[in-house]
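In what follows, a structure is listed as structure tokens, so that the remarks can point back to it.
The values are calculated or read from the model by the stated rules, or taken from the named source; none is laboratory data. The model shown is predicted, which means the values in this text are computed figures rather than measured ones. A quick note on method: Cβ atoms are made from the backbone with ideal geometry, for glycine too, and the neighbour counts reach across all protein chains shown. Areas reflect the complete protein model, heavy atoms only, side chains present, ligands, DNA and RNA absent. Shrake-Rupley method; radii C 1.70, N 1.55, O 1.52, S 1.80 Å.
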Amino acid sequence: MTASPRSEPARSSGSPPASDAVDPAGDPAPDPSGAGPRGGGPDCPADRDDSDLLAALLDGMDAALCAFDADGTVTHWNREAERMLGWSADEAVGRRGLAGWAVRAADAAEIETLLLGAMRAPGRQVHEFALLTKDGGRVLVRTQSAAVPGADGEAAGVYCAFSEVHTQVDLERSIALSEALFEDASWGVVLVDADLRPAVVNGHAARSLGAGRATLLGRPLGELLDQGVEEVESAFQHVLAEGAPPEPTEIWVTVRGEGADLGQPPPRRCWRSGFLRLASPLSEEAVPLGVAWIFRDVTEAKRAEQEGARMRFRSNQLHRAARAAAECEDPFEAATVYLDFALAGFADHALIDLVREPSPGRPDGCTPSATDPGADPSGLAPPGPGAALPDRPPIVLVRAVAAPAGAATGIGPNAPAGTTDGIPVAYAAGHPALQAADRGGSVRASASRADEEISTQWAAARKWPSGTVHGLCAVLRSRGRTLGVASFLRGASRRAFDRADAAYAEDVAVRVAAAIDLAQRLR
């Protein structure tokens, strides 16, 4: 490829071709590109168009570029090289070597040897050295040089692309960071495109989402996540439109299919997530390419934090309830105070069912009589060896308290305060309250997912308020006797009761039972 004639004025942004350089003998210097002159002469429109295109391509490069012929004469000098060093194309093209103007004279021989040595070495050669700017400053650059073959296949020159070292180091750091994030990071990294579909997934994220890295690509998030998918997609859309949020966001999600092999619902997980908008650095305007989603599983820490806050709140509630109950003249009123304080943040409804007092001469409804053979007066120890088991009548419970007052309707009448003279509650055999009274412990019950759709019937069958889907029954024991059962009930908007909830309910039941026992003794 030949360029415009030497008689044309040199362009500051253009790169005069190799034919512009003249060696001392007066012969044209060989073109490092290896493309000889084509038919039509220097004024051929095709040559002129090719020269203009070459100049535009070289000037549009982000890296500084210069080229030398086989004798070391500068043949090309692009606009980025001019910006970096201050020497224009008119001042640089045609100079023999870099000594005295682009490099120090003391370093010129070594640097030119390195650059021109690329004509005899295979591939690209990378070097670092200092160049001089037009105002006398020095710039440390990293160069990549390679030979330019001629038409005969021999090296006709060499080109050299260079950039400031710190710029190159920044680029390398960015590339290294990207590779580290997608290989060894302890955080999950997912890049989603503008259609909110995963485009790149690292190993940690693939394990968290329960699929292979290649399997996840291009799939909608709804196929990967069950709960939390709306929150994640909403965050993506916000980042694409407004930019990244200033702080990480905690999102609770469930991964589809997790726990299915054990026949259990997928566990909820808390992912602390950060979002970054990705924009193309090559466009004039910021065009979003997608969103980088970086997350980490903090479920255990979050649950520990929630558990600590819950324990502090419940301990404070018991403390406040004890102080309020101490001001009640009626012990039964103190029992209802304990129940009201326990409801806060714990359950939607609470019920107290008392064991109906046995008729004279009959054993207690739950505990063998002291007069029965082998019976333990406390009702706690089993009969001795060879002792006959007493004939235990079925447990009969009478509704005494329903809290909050007036909210639990359609679940049977309440007995007079502190007594068991009311109408028994028609609990069916195997009811959780009867089980708790019989076992002397706590019993949890929840509607299955199929029953949640008909929770009204499920609750009605257990004589609980409409909408109840979770129940916890704690036995009321005082002085070695079973006084009744406290039932705590939750609706579908709350989670099921767990062991920590059962322990708290037992703490409340101990206080309620002591107050009810005192009320019964006084009456």
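It is to be established whether one or more residues within region 45-64 are open to solvent by less than 60 Å² (accessible area, probe 1.4 Å) and modelled with pLDDT of 85 or more.
yes
State which residue is farthest from Lys134 (Cα to Cα) when the search covers only region 93-116 and only residues that are among the charged types (D, E, K, R) and assigned to a helix (DSSP H, G or I). Please lay out each step first, then the result.
Filtering region 93-116 down to residues among the charged types (D, E, K, R) leaves 95-96, 104, 107, 110, 112.
Still in the running and assigned to a helix (DSSP H, G or I): 107, 110, 112.
Working: Asp107: 17, Glu110: 21, Glu112: 19 Å.
Filtering first and then ranking leaves Glu110.
Restricting to region 106-120, name every residue that is within 16 Å of Phe162 (Cβ to Cβ), in contact (Cβ under 8 Å) with a residue 24 or more places away in the chain and buried (at least 19 other Cβ atoms within 10 Å of the Cβ).
Those that are within 16 Å of Phe162 (Cβ to Cβ), in contact (Cβ under 8 Å) with a residue 24 or more places away in the chain and buried (at least 19 other Cβ atoms within 10 Å of the Cβ): Leu115, Leu116, Ala118.
Mind listing just one residue for me: the one in region 200-214 that is of a type in the set (A, V, I, L, M, F, W, C) and crowded, with 18+ Cβ neighbours inside 10 Å and, of those, nearest to Pro266 (Cα to Cα)?
Leu209
Whether any residue in region 131-146 is open to solvent by 30 Å² or more (accessible area, probe 1.4 Å), part of a strand (DSSP E or B), of a type in the set (Lys, Arg) and in contact with a Phe, Trp or Tyr (Cβ under 9 Å, 6 or more places away or on another chain) is what I want to check.
Yes - at least one qualifying residue is present in region 131-146.
Out of Arg495, Arg481, Arg521, report the one residue that is without any contact (Cβ under 8 Å) to a residue 12 or more places away in the chain and not acidic (Asp, Glu). Reasoning before the result, please.
Values: Arg495 fails: without any contact (Cβ under 8 Å) to a residue 12 or more places away in the chain; Arg481 fails: without any contact (Cβ under 8 Å) to a residue 12 or more places away in the chain.
Only one candidate passes the filter, namely Arg521.
Can you name every residue in region 309-329 that is among the charged types (D, E, K, R) and surrounded by 15 or more Cβ atoms within 10 Å (Cβ to Cβ)?
Arg310, Arg314 - these are the residues of region 309-329 that are among the charged types (D, E, K, R) and surrounded by 15 or more Cβ atoms within 10 Å (Cβ to Cβ).
Quick one: is Val190 outside any helix (DSSP H, G or I) and under 30 Å from Met61 (Cα atoms)?
It is false that Val190 is outside any helix (DSSP H, G or I) and under 30 Å from Met61 (Cα atoms).
Kindly evaluate Glu183 against the criterion of being more than 30 Å from Val200 (Cβ to Cβ), touching a helix residue (DSSP H, G or I) at 6+ places or on another chain (Cβ under 8 Å), open to solvent by 90 Å² or more (accessible area, probe 1.4 Å) and in contact (Cβ under 8 Å) with a residue 12 or more places away in the chain.
It is false that Glu183 is more than 30 Å from Val200 (Cβ to Cβ), touching a helix residue (DSSP H, G or I) at 6+ places or on another chain (Cβ under 8 Å), open to solvent by 90 Å² or more (accessible area, probe 1.4 Å) and in contact (Cβ under 8 Å) with a residue 12 or more places away in the chain.
So which residues in region 81-103 are open to solvent by 10 Å² or more (accessible area, probe 1.4 Å) and in contact (Cβ under 8 Å) with a residue 60 or more places away in the chain, if there are any at all?
Within region 81-103, Glu82, Met84, Ser88, Asp90, Val93, Gly94 qualify.
Which ones in region 147-180 are closer than 26 Å to Ala64 by Cβ, open to solvent by 50 Å² or more (accessible area, probe 1.4 Å) and either among the hydroxyl-bearing types (Ser, Thr, Tyr) or part of a helix (DSSP H, G or I) (or both)?
Tyr159, His166, Thr167, Asp170, Leu171, Glu172, Arg173, Ser174, Ile175, Ala176, Leu177, Ser178
What number of residues in region 478-506 are open to solvent by 20 Å² or more (accessible area, probe 1.4 Å) and closer than 18 Å to Arg444 by Cα?
Selection size over region 478-506: 10.
In region 507-523, what count of residues is obtained for those that are under 18 Å from Asp340 (Cβ atoms) and open to solvent by less than 80 Å² (accessible area, probe 1.4 Å)?
Residues that pass the stated criteria total 9.
Give the residues of region 57-75 that are within 14 Å of Ala156 (Cα to Cα) and either hydroxyl-bearing (Ser, Thr, Tyr) or outside any loop (DSSP other than H, G, I, E, B) (or both), sorted by residue number. Talk me through it step by step, then tell me what you get.
Narrowing region 57-75 to residues within 14 Å of Ala156 (Cα to Cα): 67-75.
Ala67, Phe68, Asp69, Thr73, Val74, Thr75 - these are the residues of region 57-75 that are within 14 Å of Ala156 (Cα to Cα) and either hydroxyl-bearing (Ser, Thr, Tyr) or outside any loop (DSSP other than H, G, I, E, B) (or both).
Could you grab the pairs with beta carbons closer than 9 Å, sequence gap of 6+ or different chains, first residue in region 68-80 and farther than 14 Å from Leu115 by Cα, second one basic (Lys, Arg) and open to solvent by 10 Å² or more (accessible area, probe 1.4 Å)?
Partner pairs satisfying both residue conditions: none exist.
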